[in-house]
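The values are calculated or read from the model by the stated rules, or taken from the named source; none is laboratory data. A quick note: this is a predicted structure, and the numbers were derived from the prediction, not measured. All Cβ positions, even for glycine, are placed from backbone atoms using ideal geometry, and neighbour counts span all protein chains on display.
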Ligand code: URA
């Protein structure tokens with residue numbers, strides 16, 4: 001078998017067989033297939049797509065590229081949630097401790113920044129000492145202490161996704177339904193969760209820009225996951241403007257901590273609580289939506305969610321005192337303010353443009369080995385639907401240098417649209433699938 005023939009077959013639109021997919025995955029993981037041929041293969045899949053059978057095979061082969069975690073000796077239902085990627089999307093950092101406080105065990109294998117979207121692992125690593133590399137034993141130890149763990153793919157667990165994820169990020173091959181399905185599910189299946197909740201983002205800041213495409217992705221995730229024997233639900237949620245008020249690595253961990261203490265912005269809390277409630281329902285911890293929602297709110301009020309967050313930080317190596325000392329103050333050195341150019345109502349804060357602006361500040365990567373900046377980012381003081389006077393502060397930018405700061409201000413000018421007409425932002429929870 002030759003990789004060139006497999007690339008050619010996919011380029012010409014034919015479905016690949018299990019043997020061909022295995023040849024590609026194994027060869028890429030071992031390094032026998034070089035990055036340039038893997039890039040060509042990804043681009044061929046991006047343009048030609050995959051049918052449901054191929055997507056299922058790709059998912060299983062990626063999952064089997066490494067060891068499978070066995071967490072069956074942990075008490076409590078194993079449940080996880082994964083987002084298809086958004087801007088300011090930090091719901092995992094809030095709902096994992098909340099679900100744990102409600103009695104779930106959450107073995108969460110997450111991703112890094114991808115394209116214009118942020119990455120949970122990059123956010124967490126902005127905290128001094130926090131490590132996302134974990135063996136199965138580490139995972140069990142962390143979950144036993146905190147009720148949840150947030151880890152990355154490793155050379156042992158789903159190495160195929162570890163390599164392909166990084167390559168897709170820098171080869172413009174992210175927005176592909178089969179590649180997203182296989183990437184997400186291979187991780188979720190390898191980590192051993194029994195039930196899964198997906199947050200399929202839809203809108204300017206999502207990989208799926210239309211509801212129709214978001215529905216196709218949600219169906220693909222739900223059907224492939226169910227075929228692998230898991231209980232799966234997907235919520236399609238709006239990603240038109242950044243979720244919450246912070247976009248950046250440390251900034252988003254800080255905002256999550258504030259949410260767990262009851263200070264969360266409405267939009268972020270609405271999506272987080274909807275997803276967390278679904279985790280409690282799919283895992284059987286709650287019987288009805290009202291009960292699940294009440295339990296989540298109670299765990300915020302009692303401080304048990306915040307306790308879990310602290311325990312997880314410590315269990316994963318973070319310097320907790322360092323974190324507390326830096327909350328509210330740790331910002332990149334150059335601060336500039338973006339002010340309203342005119343009076344009116346904010347109609348748009350284009351999430352894609354904000355994501356690209358954050359990328360320019362170093363929140364994500366342009367090349368696979370680029371470092372990410374921990375303390376750059378954006379703080380939005382106004383959201384869509386709010387009325388503003390000329391000169392009102394809309395957003396604070398934290399940059400490494402003057403040039404990045406100037407560039408960010410120019411991007412924000414493009415991202416914001418202010419008009420005299422009234423506007424009401426669309427619903428956040430658009431649809432449930434599964
Ligand atoms: N999250 C993932 O893990 N993979 C994708 O492809 C997109 C979002």
Answer yes or no: is there a residue in segment 148-166 that is in contact (Cβ under 8 Å) with a residue 24 or more places away in the chain, touching a strand residue (DSSP E or B) at 6+ places or on another chain (Cβ under 7 Å), within 12 Å of the ligand (Cβ to nearest atom) and assigned to a strand (DSSP E or B).
no
Count, please, the residues in segment 179-207 that happen to be outside any helix (DSSP H, G or I) and modelled with pLDDT under 95.
4
Can you confirm whether residue 3 is buried (at least 16 other Cβ atoms within 10 Å of the Cβ), free of Cβ contacts under 8 Å to residues at least 40 places away in the same chain and in contact with a helix residue (DSSP H, G or I) (Cβ under 9 Å, 6 or more places away or on another chain)?
yes
Those residues that are in contact with a helix residue (DSSP H, G or I) (Cβ under 6 Å, 6 or more places away or on another chain) and in a helix (DSSP H, G or I), I need them from segment 169-178; list them, please.
177, 178
What's the total number of residues in segment 279-324 that are in a loop (DSSP other than H, G, I, E, B) and either under 22 Å from the mean Cα position of the chain (by Cα) or not assigned by TED's automatic domain parsing to the domain that holds residue 100 (or both)?
4
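For every residue, the table says whether it meets (1) touching a helix residue (DSSP H, G or I) at 6+ places or on another chain (Cβ under 8 Å); (2) surrounded by 21 or more Cβ atoms within 10 Å (Cβ to Cβ); (3) within 22 Å of residue 99 (Cα to Cα).
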residue: 192; (1), (2), (3): no, no, yes
residue: 212; (1), (2), (3): no, no, no
residue: 216; (1), (2), (3): yes, no, no
residue: 227; (1), (2), (3): yes, no, no
residue: 230; (1), (2), (3): yes, no, yes
When restricted to 59, 117, the only residue closer than 26 Å to residue 358 by Cβ, under 20 Å from the mean Cα position of the chain (by Cα) and within 16 Å of the ligand (Cβ to nearest atom) is 117
Here are the criteria: (1) in contact with a helix residue (DSSP H, G or I) (Cβ under 8 Å, 6 or more places away or on another chain); (2) outside any loop (DSSP other than H, G, I, E, B). Tell me which single one residue 73 does not satisfy.
(2)
Of the criteria (1) assigned to a helix (DSSP H, G or I); (2) assigned by TED's automatic domain parsing to the domain that holds residue 382; (3) farther than 17 Å from residue 249 by Cα, which one residue 345 fails:
(1)
Checking the condition in a loop (DSSP other than H, G, I, E, B), touching a residue at least 40 places away in the same chain (Cβ under 8 Å) and touching a strand residue (DSSP E or B) at 6+ places or on another chain (Cβ under 8 Å), which residue from 336, 363, 372, 397 passes?
363
Filter segment 69-91 down to the residues that are under 11 Å from the mean Cα position of the chain (by Cα) and more than 11 Å from the ligand (Cβ to nearest atom) and list them by number.
81, 87, 88, 90, 91
